[in-house]
Amino acid sequence: MTYTAAVSGATGYAGGEVLRLLCGHPEIEIATVTAHSSAGQRLGALQPHLHELAGREVVDTTAENLAGHDVVFLALPHGQSAGVAAQLPPETVVVDAGADHRLESARAWEAFYGSEHAGAWPYGLPELIVDPSGRTQRETLPGATRIAVPGCYPTGSLLALAPALAAGLVEPRDIVIVSASGTSGAGKAVKPHLLGAETMGSMSPYGVGGGHRHTPEIEQGLAWAGGRDVSLSFTPTLAPMPRGILTTATAVLRPGVDERRVREAYHAAYGDEPFVHLLPEGQWPTTQSVLGSNHAALQLAVDPHAGRLVVSSVIDNLTKGTAGGAVQSLNLALGLPETMGLGGQGIAP
Ligand SMILES: NC(=O)C1=CN([C@@H]2O[C@H](COP(=O)(O)OP(=O)(O)OC[C@H]3O[C@@H](n4cnc5c(N)ncnc54)[C@H](OP(=O)(O)O)[C@@H]3O)[C@@H](O)[C@H]2O)C=CC1
Ligand SMILES: CC(=O)N[C@@H](CCC(=O)OP(=O)(O)O)C(=O)O
């Protein structure tokens with residue numbers, strides 16, 4: 001059976017990546033592409049890399065234009081998805097790349113986003129361990145008709161630390177996470193600090209001091225993984241590259257835990273995963289190796305001097321960090337093979 005899909009935010013970075021992946025998905029037919037200010041234009045003028053779809057007309061993001069599809073992807077600015085989704089029938093599978101339905105805590109939502117909480121949906125990170133028996137979200141997504149795709153930094157951070165927390169190898173408090181992201185993470189809308197002249201050959205932190213809105217989302221996911229009372233310091237940085245996120249996460253080791261035990265836990269968590277790879281010992285991940293693919297690569301070490309576990313992960317913020325994660329979760333929701341349409345490898349050099 002082929003499913004019809006509408007993709008909203010089709011002219012943006014996240015929507016464009018959803019479309020790129022759907023062009024290679026054998027069971028999804030792209031029926032409608034929507035946006036807002038660019039409605040009426042041809043997609044080829046705005047997403048010139050999507051050759052197959054160049055002639056498609058972009059229409060406005062309205063409930064009428066999104067109606068009648070089996071699947072609707074939302075890749076809209078924060079706060080825009082909830083209103084649109086509420087107008088879609090419950091049987092339509094809605095996959096939201098935005099943040100509107102990621103957080104269970106209304107308090108955290110209001111504190112970090114400053115608007116009314118629209119309620120949480122099933123969270124779309126299939127590899128995430130959600131209870132002490134080691135169950136993953138793979139068991140919770142089949143049949144879901146609403147999916148909240150994780151933020152890009154939370155994807156890299158949760159993949160880095162969830163196995164250690166789930167196995168009780170590290171303390172849930174005093175976690176430190178630093179991530180470097182390519183500038184596409186900020187979207188296409190023009191922002192003065194993201195102009196090429198400002199970002200080329202330069203790196204800078206932002207959202208420093210616990211202010212970034214992904215902090216509660218990472219805490220939530222790590223708490224599901226087994227942390228409870230998780231507290232962390234998260235610092236994002238902008239890196240002079242279009243795509244990719246390198247996350248380095250450290251956590252205090254519980255007494256007596258050595259690197260062999262940690263490595264065993266990560267092998268157990270990810271050994272059979274199609275998209276998450278613990279690299280051979282001594283090989284550290286590079287963002288280049290995952291660009292354009294739905295893969296994540298990790299490496300870990302124990303720092304005996306600091307008594308900390310150090311894990312580095314890499315993802316492509318637009319693929320595993322958004323559109324690839326969205327398609328992976330959609331496949332599970334529809335009962336399709338999880339990897340369908342996601343066969344792409346990284347690109348090099
Ligand atoms: N970039 C990334 O790496 C990631 C992004 N996301 C999330 O995906 C969503 C989209 O982000 P991104 O693609 O980067 O942003 P962009 O700025 O690149 O794209 C935004 C898209 O939304 C459309 N849009 C803007 N305002 C409205 C509106 N009022 N109604 C309908 N459509 C509107 C734009 O269309 P038009 O230009 O025609 O107005 C455009 O298609 C965000 O929620 C973001 O947080 C999630 C993870 C990672
Ligand atoms: C480099 C950069 O600016 N990145 C974005 C995060 C992108 C992402 O995952 O965003 P959502 O939670 O908005 O979906 C930021 O820090 O705001």
For Arg308, other-chain or 5+-apart residues with amide H closer than 5 Å (H placed, Pro excluded) are Leu253, Asp303
Separation of the Arg42 and Val208 label points, Cα + 7 Å toward Cβ, nm:
4.7 nm
Tell me, what HN-Hα J-couplings in whole Hz come from the Karplus equation 6.51 cos²θ - 1.76 cosθ + 1.60 at θ = phi - 60° for each residue of region 34-42, using x for Gly and Pro?
10, 7, 9, 5, 9, 4, x, 8, 7
Residue-count net charge about Glu116 - beta-carbon cut-off 11 Å; Lys, Arg +1, Asp, Glu -1:
-2
Report for region 153-317 the percent antiparallel among DSSP-assigned beta bridges with both residues inside it, nearest 5.
70 percent
Pull up the DSSP beta bridges for the chain and report the antiparallel fraction as a percent, rounded to 5.
45 percent
Just need the relative contact order of the chain here, percent rounded to a whole number, with Cα pairs under 8 Å and 6+ apart.
17 percent
In whole angstrom, the spacing between the Cα centers of region 107-140 and region 279-302 equals 25 Å
Would you be so kind as to identify all helices of the chain, as entire DSSP H runs, whose Cα atoms reach 18 Å or more along the helix's own axis and whose mean Kyte-Doolittle hydropathy is at least 0.5?
152-166
Interchain or long-range residues, amide H under 5 Å from Thr4's placed H:
Glu29, Asp70, Val71
Quick note, region 81-209: a/c under 1.5 would make it rounded; otherwise a/b > b/c is prolate and the rest oblate (a ≥ b ≥ c, C-alpha gyration tensor); here it is oblate
Once you keep just the Cα pairs under 8 angstrom separated by 6 or more residues, what percentage relative contact order results for region 153-317?
31 percent
Could you give each residue of region 115-121 its phi-based ³J(HN,Hα) in whole Hz, using Karplus coefficients 6.51, -1.76, 1.60 with θ = phi - 60°, and x for Gly or Pro?
9, 6, 6, 9, x, 8, 10
Where does the longest stretch of the chain lie that holds no GluC sites (Glu not before Pro) found in a DSSP loop with 11 or fewer other Cβ atoms within 10 Å?
117-280
Spatial separation of Cα centroids for region 69-99 and region 308-325, in angstrom
23 Å
Share (percent) of C-alpha pair distances in the chain greater than 24 Å works out to 54 percent
How high is the FRET efficiency from Asp131 to Glu198, r the C-beta distance, R0 51 Å, rounded to 0.05?
0.70
Can you work out ³J(HN,Hα) from phi for every residue in region 278-291, in order, using Karplus 6.51 cos²θ - 1.76 cosθ + 1.60 and θ = phi - 60°, giving whole Hz and x for Gly and Pro?
7, 6, x, 3, x, 9, 9, x, 10, 4, 3, 5, 10, 4
Would region 153-317 count as rounded, prolate or oblate if I go by the C-alpha gyration tensor, calling it rounded below 1.5 in a/c and otherwise prolate when a/b exceeds b/c, oblate otherwise?
prolate
Taking 0.36 nm per intervening residue step and subtracting the Cα-Cα distance, what contour gain separates His51 from Glu281 on full extension?
78.7 nm
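Every number in this text was worked out from the coordinates using simple rules, so none of it is lab data. For clarity, every value in this text was computed on a predicted model and none was experimentally measured. Using ideal geometry, Cβ is built from the backbone for each residue, glycine included, and neighbour counts are taken over all protein chains shown.
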